[in-house]
Each structure stands twice: as structure tokens, then as C-alpha cells.
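See below for the structure under consideration.
The values are calculated or read from the model by the stated rules, or taken from the named source; none is laboratory data. Quick caveat, the model's predicted, so the values are computed rather than measured. Cβ placement follows ideal geometry from the backbone for every residue including glycine, while neighbour counts extend to all protein chains displayed.
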């Protein structure tokens, strides 16, 4: 009996400890501030004016307007819907309006938002605001951002209420999430690397928050920093791996990656979906030196070197067999047999090639060469080279709207084929295109196409 009583006391003590620990986390007792000392002192008017140009460039790096502006709304006034499994968040007004925006923020308030993820009133921010990354921003750069945002025209537009669980008083519970998902990271600092690499690392890992989309998430929807830049999933699209090894495999070098970031167009394809917004609001307007620094950092391998870019994948034997007229195939004259032997799967890609020629070649070219300012090339296109065909299927099903890019370039709207081709035909088309230009042998299945969401248009 004594042993049972002792065990009960031990369990009770453990329960009390767990409750006390949970309360301490809930009330933020484990959270520490990384705000620099001295920011309680306001900046002078002269300092604010001097800092504004640098603040504008940093706001572009952070893609602040990409999230804090609706597609057809005033810039910086918020209202953009951000879907989550728990409800919809809406970005907030970041113009200096005193009622609906940040006009009442002090210098110290602004620092605490970017460094700690805490807004005035001791309100925890939701991680849709990437404070996990802006935490790395240096105090002098936060001052520059503050000076720039306070110079914008104030827009008296009310913030859109959040929905779902976010209508409840759950901000305090973010302390638990922060304890597990908000590491005290520091900017890359390798004395053996160039100033350009260090600048790129500072922007990519911090304010640019590239890993917010391009890194897998853990079960708590936090960034899995153990797999940096290895690809993710945002808004129903697969976000590509942008590690140095993958980028060079896709044929990127500093020039072509800088071109892609600056213009949204490169031999590897055009920016679409979320990356189009990034180019439009961020990288397409950044200073060329910062763009090149980002490209240099991303393309530099662990050994400190930038590898030579790979050539576009050669057509796989299966695609070559489908490209060859039946009369000119093997001695048996059986194209299907030749293709089956090449793939080992028994699949004949001829039907996919014919679907491409009838539905796609008019714009993208019979040889995948594309048409400038009309349709991107398929040859060398990195979307076709992704192991997961999800994005390709989505584009074929739902299309892409007309897009304008920096420098007056554009790509015309691509119609969706969800109502023009069957799921089987789209699977065959995607399988052939990936084998022809992406180096991908695994067939796309009708079930994969059938499971893909369709647009409402």
C-alpha cells in the first residue's frame, strides 16, 4: 500500500510540474526579447529621411506588399486572404494610418514586431507574418524599414476579420508554437566567403524569407530548418527545391538565376503562381546587386563553389520512340513494342505526343521551343523536370492567366484543358512531355489527374 501511495504522490507531483510548465509557457515566461537596446529613442526627422531609400529596397526584399496588398487593392492596405487548415487569416494594413494601420507604432514597437513577433498590446503575431525570418534583420535595417513605411501615404482601410479558429482568443497559445518553432537563428557568417555571398545569405535566410515557402513544414506547420530550401507546398502547389545542387541540375548559373529573379523569365521557364507575385512585388524591382547576391548564395554549394550548370535533359528512349514514325521504328515496325522495351513499363507514349501536338504545339512549339512573349519553352523547363508532376498537371488542367513581367515582357493566357481533354489524355500528355523534356520516366496516372483540384472557371 505504501508503494501505491508513493507512486500516486510522484504522479501528482509530475502533473503539478507539467501544469506549472504549461502556464509558464502560456504566459510567455520563457520568451526573451531580441530587440536591440536604445530603440526607445525616436529617430529624428533627418534620420528618417536619410533611411527611407534603404528601407524601400529592404521592403522589396521582404516582399512586404506581396502579402499586404490585395491583387486589385491599394498597396499596403492589407486584406489578402491566407488560407490555413484552421481558418483564413487576412494580411493587415501596414500603411501609417493611425486607426487601421501602423501609424501609432513607435520605433520600439516596430522593432519588436520584426524581431520578436509581438505587436503593440503584447499581442502574439501569427507566423503568416514571417517573424521567424525577419528576426535576423539587423537593427539599422529595421530602422530603415520603419522610416520607409512611415513615409507611405496613409490608407484608412479597415482590416478584414480573420475566420475560423482565429476568431477566438488563441494568440496567447502561440507561445507554445514559438517555443518549438522559433529558433534563435543568426545570419550566415563565414569569414571565408565573399561579401556578395554574405549579403545574399543575409537576405535569403532573413528578410527575404525564401525558406518560408521553399522548405518543408513540420507537423506543426513550422519551417523544418533541418531540410533547408528542399521544397515545400503552398496554396496547393509544389514549391520547388532551390538547393544549389538542384538549381545547377536545372541549368541555372548566376546570370540565368538573376535573370529569372529580375524578370520572371529564363530558359528554365517563367514565374507563375506564388512566384509570379514574388517577382512582381519583390525581386523584379530589387537592385541588381542584391539580386545577384541572392543568386550567388543560392547557387553556392557546401564546398563554397558554384558548380557548372547541367545541360537540359535528353529525351528518354520512351519519348524518342513515340517521336519516331511507326514505319521507321524497330525491325518489327511496332512502335508500341519499341516503347515498351525502352521504358520497361509497357507504356506507349505516342498518344501523349499526339495530344501535345494537337493541344499545345501551336504555342509551345512542336519541338518545345516556345514563342517569346506568347508561351514559354518546354525544352529545359524546370517544371517538367520536377519529380512530382503536380504543378504540370495543375497548369494543364487549370491554365495560367495572362502575365506581364518587368521590361514590358508578357506571356499570354494559357487556357485550362480540364473540359477539353479527359483525365487519361492529360496523364498521357504529361507523361510524354516529362519524358521528352524533363528526364522523368515515371508515368503520370489517370488517378493523379483525377485527384487534382479544378478551377471554378
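Details
- Checked across the range 178-201, the condition of being out of contact with any helix residue (DSSP H, G or I) (no Cβ under 9 Å at 6 or more places or on another chain), part of a helix (DSSP H, G or I) and without any contact (Cβ under 8 Å) to a residue 60 or more places away in the chain holds for at least one residue.
- Residues of the range 160-169 satisfying the condition of being in a loop (DSSP other than H, G, I, E, B) and either surrounded by 14 or more Cβ atoms within 10 Å (Cβ to Cβ) or on the phi > 0 side of the Ramachandran plot (or both): 160, 162, 163
- Every residue from the range 36-75 that is under 26 Å from residue 221 (Cβ atoms) and in contact with a helix residue (DSSP H, G or I) (Cβ under 9 Å, 6 or more places away or on another chain): 59, 61, 62, 63, 64, 65, 66, 67, 69, 71
- Residue match in the range 320-327 (condition: farther than 22 Å from residue 406 by Cα and surrounded by 20 or more Cβ atoms within 10 Å (Cβ to Cβ)): yes
- Qualifying residue in the range 423-438 (condition: assigned to a loop (DSSP other than H, G, I, E, B), assigned by TED's automatic domain parsing to the domain that holds residue 350 and modelled with pLDDT of 95 or more): no
- In the set 389, 312, 372, 376, only one residue is at pLDDT below 95 and either farther than 30 Å from residue 455 by Cα or buried (at least 21 other Cβ atoms within 10 Å of the Cβ) (or both); that residue is 312.
- Residues that are without any contact (Cβ under 8 Å) to a residue 60 or more places away in the chain, within 22 Å of residue 117 (Cβ to Cβ) and part of a loop (DSSP other than H, G, I, E, B) were ranked within the range 220-236; the one that is nearest to the chain's Cα centre (by Cα) is 228.
- One residue from 288, 262, 258 being farther than 20 Å from residue 213 by Cβ and either modelled with pLDDT of 95 or more or not assigned by TED's automatic domain parsing to the domain that holds residue 244 (or both): 288
- Residue in the range 181-190 that is closer than 24 Å to residue 233 by Cβ and buried (at least 19 other Cβ atoms within 10 Å of the Cβ) present: yes
- Contact annotation: no residue pair with Cβ atoms under 8 Å, 6 or more positions apart or on different chains, pairs a residue in the range 258-286 that is within 14 Å of residue 60 (Cα to Cα) with a partner that is at pLDDT below 95 and surrounded by 21 or more Cβ atoms within 10 Å (Cβ to Cβ).
- Residues of the range 12-64 that turn out to be farther than 22 Å from residue 171 by Cα and either assigned to a loop (DSSP other than H, G, I, E, B) or in contact with a strand residue (DSSP E or B) (Cβ under 6 Å, 6 or more places away or on another chain) (or both), as a count: 11
- Here the range 105-119 is the region considered, the condition is being part of a loop (DSSP other than H, G, I, E, B) and under 14 Å from residue 39 (Cβ atoms), and the residue that is nearest to the chain's Cα centre (by Cα) is 105.
- Of the residues 343, 300, the single one that is at pLDDT below 95 and over 30 Å from residue 68 (Cβ atoms) is 343.
- Restricting the range 202-219 to residues that are part of a helix (DSSP H, G or I) and in contact with a strand residue (DSSP E or B) (Cβ under 9 Å, 6 or more places away or on another chain), the residue that is farthest from residue 118 (Cα to Cα): 214
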